[in-house]
Each structure stands twice: as structure tokens, then as C-alpha cells.
Amino acid sequence: MTREEKAQVIAGLTEKFQQTDHFYITDTSGLTVEQINKFREMCFKKGVEYKVVKNTLIKKALENLDNDYSSLDSTLKGFSGIMFVNENANIPARVIKDFKKEDKDQRPKFKAASIDSDIFIGEDQLEILSKLKSKQELIGEVISLLQSPAKNVISALQSGQHTIAGLVKTLSERE
């Protein structure tokens, strides 16, 4: 790869990192071509972009960003693939977990992730990341919590209305 080609890759990666809120770094070494293709297909179906890039190029692209990603340097060894997603930060973690269920060797290995500039390093973080809720899910929960007291008041008033009407009817019939 020439210097110009490397510069283009670094520029493209820098732009991708700037446009993407969430990215994961994985290690898919040891997988067969068939397994890699299946993993890429799972990523594509879930709206996750997966690229394999040299570690030095990833480091240089991350250095071009405003945030400090130096803590990821220790993870950028060996074989690295990057998973980009804009919407739900938990989708790549779920893809990795789903693929691991089918693979006996427990590949791909999760190295690190950046979720809204927060860094998660290590395989033990994968479970936490897979349970993250999307912004829409959190907003939905807040709205349902806010609606709950109003619904309780309305249902109490409606049930009371029937009780009061029944009570008045019974009293009027007693005369």
C-alpha cells in the first residue's frame, strides 16, 4: 500500500469516525472465509457496517479526532475489524453475541467500543453493551412512566362513577 493510499484510508476512516456516534473494535482472526461472510451478512442485515483495517491506520485516524482515544491503543494489536452504527449502540454487541452462540470457538472477540465518546474495553463489557437501551426506548419508558399516574386517576374516576351511579340507583329504589 502506497503512502497516498494509506492517506486516503486514514482520511476516509477519520470521516467515518466523525460521522458515527458508536463504533466497536473486534478480532475475527481464526474464522474461516465462510464464517466471516456469515458475520458480515449478519452485520449488514442489522444495519452495521463492518470493515477490516490495519491497526496503525485506525490509530492515526483516531488521532485526527477531537476526543482522546489513546486508551484504545492497547486493544489495537493483532487482527482488528471495526463495526460502525449510528442508531442503536447495542446492535453490534447483539450481533457479536448472536454469532458467538453459533461458533464453538467464541469468535469474534470483542476488543473495545466507543459509545457517544465513552470507552468500553474488554470482553466482559460485551454483556453490558448488549443490554444498553436506545434513545427511543428510553424516551418511551419515560413517557409511559409519566402517563401512568394519569391513567390510574382516570381509571379510578371511571370505576367510581359506576359505583356512585349504582349507589344512587339502589338508594332511589329503597323508598
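Throughout, read-outs are computed from the coordinates displayed, never taken from laboratory work. Note that the structure is predicted; figures quoted are calculated from it, not measured. Glycine also receives a Cβ, built like all others from the backbone with ideal geometry; neighbour counts cover every protein chain displayed.
Worth pointing out:
- Look at the Cα gyration tensor of the stretch 66-141: its axes a ≥ b ≥ c give a/c of at least 1.5 with a/b at or below b/c, and that counts as oblate.
- Two-site FRET efficiency, K135 against M1, from Cβ-Cβ distance with R₀ of 35 Å, rounded to 0.05: 0.35
- Helix 135-174 and the longest principal axis of the Cα set of the chain meet at an angle near 10°.
- With neighbours defined as other Cβ atoms within 10 Å of a residue's Cβ, the residues K131, K111 order from fewest to most as K131, K111.
- Relative to the longest principal axis of the Cα atoms of the chain, helix 33-45 runs at roughly 40 degrees.
- Listed residue pairs exceeding 25 Å between alpha carbons, taken from K6/K131; K46/K135; K38/K60; K46/K151; K54/K131: K6/K131; K38/K60; K46/K151; K54/K131
- The calculated pair-distance distribution of the chain uses every alpha carbon pair, bins of 10 angstrom beginning at 0, and gives 9, 30, 25, 11, 7, 7, 6, 4, 2, 0, 0 percent.
- Arranged from fewest to most other beta-carbon atoms within 10 Å of their beta carbon, R94, R3 become R3, R94.
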